[in-house]
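Below is one structure, written out as C-alpha cells; the observations come after it.
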Amino acid sequence: MWTEVTVERSDKFEIVAEGEGADAMPKDESNYLCVGAKAAFEVAGKEFPTLRYSVVSRIPYARGLGSSSAGIVAGIIAGLVLAGHRLPCWGSEALLQIAAGIEVRKEIHVINQFEIHVIHQFEIHVINRIDTRFMNL
Amino acid sequence: MSGTRGSADKQFIAAVAAGSAVAGAAIAVAAMKMLSKNNNLERKSRSSVALYNQDEDDYIVMTRKESQVILPHNHEEKMRRRIAQRVAVEQENSTPRKSVTVKVPATSANFGPGCTFRNPRCLIMMFQILLTNLNFFTQL
C-alpha cells in the first residue's frame, strides 16, 4: 500500500489526484502535500515556488493507515529535494522535527506515524537514485 | 648391464615424478594465494562504506564486520546502511531539480487488538502492509 506523489515545478498550481479518497482530497493549498512542501522550503530558506502535484493514493482514507501523514511526509521530502536542501547525516531526527512542526488535526497520531514513514521513505524512495560510487554494500 | 640401465630408468622416472609433484604443488600454492588475494579484495570492497562528515564537509570511509548478516532485527546495521545510502542520495539531491517522485508506504502503527483475523478486510490490509514491509526488507 503506497501513496505515490510526483511534484514538479510549474507555472500553474494544480493537484491531480486518483485512487483512494481522491474525491475527498482538498485541491487547494490546505492539502497536506502543499503544507509539507511549504515547510520544507521554509527550512531550506528558499522561496516557495508554484508546484504541480500528481497523487496516486493506494492507502485507504480514514482507516488508520496513515494516509494523511503519508501526504505530509511526501510533501516534505519532495520539497527538500526540489529545494536542493541537504539535511545532516543523522537526518531522520531533523526530518521528524520538520514534520512535527506542522500543525494538523489533533486526532491524528501523526508523530508515531511520521517516524515510520520517515524511515521507510529513506530506505525506499529517495534511494531509488543511489550513487554507487560512495557505497559498496 | 640391463639391470643397471633398468635402475637408471627407475631413478629417472622417480626424479621426473618428484619434479612434477613439486611443480604441481608450487602452481597450486600460487593459485590459492591469488584466489585468496582476490577474495580479500572483494571482501574489503564490500565491507567499506562512505559516510558524510558534516563538520569537515568530507566523506569518511568506514568498514564493518565481514561476517555480519543482515536480519530484520539487526537494527543498528540497517540504520548504518540507511545513513550510507542517504549520504549518496543527498549529494545528488543537492543539485536543482524540476520534478521529483516520492513513494510513501502505509503504516501498521495503529493496528491494535481490534484488528483481528476474524475481520477479512483487516486481514487483507495486514497482509498488504506485511508485503510492503517485506519489500522494504529485501531492498536493503
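All of the numbers you see were taken from the coordinates with simple rules; none came from a lab. Note that this is a predicted model, so its numbers are computed, not measured. A quick note on method: Cβ atoms are made from the backbone with ideal geometry, for glycine too, and the neighbour counts reach across all protein chains shown.
Odds and ends about this structure:
- Label-point gap, in nm, between residue A:27 and residue A:94 - each point 7 angstrom along Cα→Cβ: 3.7
- Ranking of A:6, B:107, A:50 by neighbouring Cβ atoms within 10 Å, starting from the fewest: A:50, A:6, B:107.
- Greater than 26 Å apart at Cα, pairs in A:12/B:103; A:27/B:78; B:78/B:98; A:46/B:78; A:12/A:46: A:27/B:78; B:78/B:98; A:46/B:78
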